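Written below as structure tokens is the structure these notes are about.
Please treat every number below as a calculation from the coordinates, not as lab data. This one's a predicted model, so the numbers in the text were calculated from it and none came from an experiment. Reconstructed Cβ throughout: ideal geometry from the backbone, glycine too, with neighbour counts over all protein chains shown.
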Amino acid sequence: MKLKQAVVGTAMLAGMTTAAYAQSAGSFTISTGWFHLAPQSSSQPLRVTSIGGSPTNIVEANTGATLSSADTIGITAAYFVTDHIATELVVGYPPSFDLNGTGSLERFGKMGQAKQWSPTLLFKYYFNAPTAAFRPYLGIGVSRIWFTDEKITNGTFEANVLHGPTSVTTDSSWEPVFNAGFSYSFNQHWFAGVSVSYLPLNTTAKLNTQARTPVGTLNVQSQTKIKLNPIVTYVNIGYRF
């Protein structure tokens, strides 16, 4: 009788352990947390492409820019297709980046700013058993990148270098995302995690200036290609349904 009770008790304990941490096929999770975006940025020199409607190719030597780091909050929703493969949608409140001058433009400091939107779809492979509390993973995916509220904020830079009021636009693009991290389950529902992602991201900033010249106001168009290549850290807490 005691042996039978022990066997039943062991089976019940095993079932409770499995239920406590299961991240198995059909599981759905949602999490929220903090994103830190650290661009590994650089840019090509500013190039004037048009003056008064006439095409040009004037390169402003020793000019460049970098982007600041930024922080924001985000939300993820994931679905386990199998015990080891999950799809995840990642969205965040658009962080604002400062554009800082380099080379001959370094003296101006912050020259402008923009907000980045980057909803992302990831495919992750989770290691360890679905009943394990600690589960590292590797992921790959795609992100749609675009910018809003692009503007020049430094009046001295705008007046002395661009020579007039300037509007800014940037390209949008699809970019690959490479991801690695882990999740740790506290019980059947609650878990926390840390991940790091890398996006090989470039964008072209296009400037349209109403430049004041000795012959009057002329429309001047210029552009620069900026490498962002951000490393994105995500620390989150989540709930499993």
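The table below gives the values:
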item: Qualifying chymotrypsin sites (Phe, Trp or Tyr not before Pro) for the stretch 163-236 [loop in DSSP, other Cβ within 10 Å: at most 13]; result: 186
item: Per-residue HN-Hα couplings for the stretch 54-60 [Karplus 6.51, -1.76, 1.60; θ = phi - 60°; Hz; x = Gly/Pro]; result: 9, x, 9, 8, 9, 9, 7
item: Overall form of the chain per C-alpha gyration tensor (a/c, 1.5; a/b vs b/c); result: prolate
item: Extreme residue, positive dipole direction of the chain, given options 224, 27, 174 (C-beta unit charges); result: 27
item: Residue 171 versus residue 235: modelled label distance in nm, points set 7 Å from Cα along the beta carbon direction; result: 3.5
item: On Cα atoms only, tilt of 2-21 relative to the major axis of the chain in degrees; result: 10
item: Additional length obtainable on full extension of the chain from residue 61 to residue 30, 0.36 nm per residue less Cα span; result: 6.3 nm
item: In nm, spacing of pseudo-spin labels at residue 106 and residue 77 (7 Å Cα→C-beta vector); result: 4.7
item: The chain: most fluctuating residue of 132, 38, 114 per GNM, C-alpha cutoff 10 Å; result: 132
item: The stretch 224-241 - phi-based ³J(HN,Hα) in whole Hz, Karplus 6.51/-1.76/1.60, Gly and Pro as x; result: 8, 8, 10, 8, 9, 6, x, 9, 10, 9, 10, 10, 9, 10, x, 10, 9, 9
item: Amide H within-cut-off set for residue 65, under 5 Å, with H built and near neighbours excluded; result: 43, 102
item: Theoretical ellipticity at 222 nm over the chain - DSSP helices of four or more residues, -39500 (n - 2.57) apiece, nearest 500; result: -3000 deg cm²/dmol
item: Euclidean distance between Cα centres, the stretch 29-80 to the stretch 196-224, Å; result: 13
